[in-house]
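The values are calculated or read from the model by the stated rules, or taken from the named source; none is laboratory data. These numbers come from a predicted model, not from an experiment. Here the Cβ positions follow ideal geometry from the backbone for every residue, glycine too, while neighbour counts run over all protein chains shown.
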Amino acid sequence: MVKRTLVMIGTALVVSGATAWAQQRGTAIGSFGYVNGVAAVASTESAPAAEPRPAAAMPILIEFKRPRVLPMLYVSLGVAQALDIMTTTKALQAGGREQNPVMAPFAKNTGAMIAIKAATTAATIIAVEKMWKKNRVGAIAMAVVANGAVAAVAAYNTRVIRAQRAR
């Protein structure tokens, strides 16, 4: 069950990351409203299909500029969070205990851990996006630090698993 859930989370993150990556690359996304990397917002006026559209009914184009690294950092953060859930679960099964006092009450409940990790990932992404508007370098640095912190926790969990198995 845990593996299936993690695969579903990973797939959702990869698909959302691929969509963001395609938007950065200028690929048409279809119904999301992106055409060649530009968001298209159609006006409310409509014209008959047989006649050419008047200038007033042409789409208004809004250009989005994001570095390609941000969507990749978002996806890697989600993957790192999924690895943290998986390694925490395995470490607990091997006899370890949750060191994070905030997560300790939820450590044995995988569903609660997934919900909390999803919420913290979403909150991190929202914070990075808000920071992007005022401090672009800081936003990228924040995403990198968040990725590194979660990856370090997953690596620590792996060491705990190996130590428990060696006993």
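Listed residues A141, A146; which is part of a helix (DSSP H, G or I), surrounded by fewer than 14 Cβ atoms within 10 Å (Cβ to Cβ) and within 17 Å of the chain's Cα centre (by Cα)?
On the way: A146 fails: surrounded by fewer than 14 Cβ atoms within 10 Å (Cβ to Cβ).
Exactly one residue qualifies, and that residue is A141.
Can K108 be described as loosely packed, with under 15 Cβ neighbours inside 10 Å and under 29 Å from V69 (Cα atoms)? It would help to see each step written out before you state the result.
Working: loosely packed, with under 15 Cβ neighbours inside 10 Å: yes; under 29 Å from V69 (Cα atoms): no.
No; evaluated as a whole, the condition is false for this residue.
Find the residue count for the range 103-133, including only residues that are outside any helix (DSSP H, G or I) and within 16 Å of A149 (Cα to Cα). I'd like the intermediate steps shown before the answer.
To start, the set of residues in the range 103-133 that are outside any helix (DSSP H, G or I) comprises 103, 107-109, 133.
Still in the list and also within 16 Å of A149 (Cα to Cα): 103.
The number of residues fulfilling the criteria is 1.
Which of the residues belonging to the range 132-164 are in contact with an Asp or Glu (Cβ under 9 Å, 6 or more places away or on another chain) and hydrophobic (A, V, I, L, M, F, W, C)?
Here is the first cut: in the range 132-164, the residues in contact with an Asp or Glu (Cβ under 9 Å, 6 or more places away or on another chain) are 139, 150-151, 153-154, 157.
A139, V150, A151, V153, A154, listed by residue number.
I need a count of the residues in the range 142-167 that are over 18 Å from Q99 (Cβ atoms) and at pLDDT 95 or above.
Counting residues in the range 142-167 that are over 18 Å from Q99 (Cβ atoms) and at pLDDT 95 or above gives 6.
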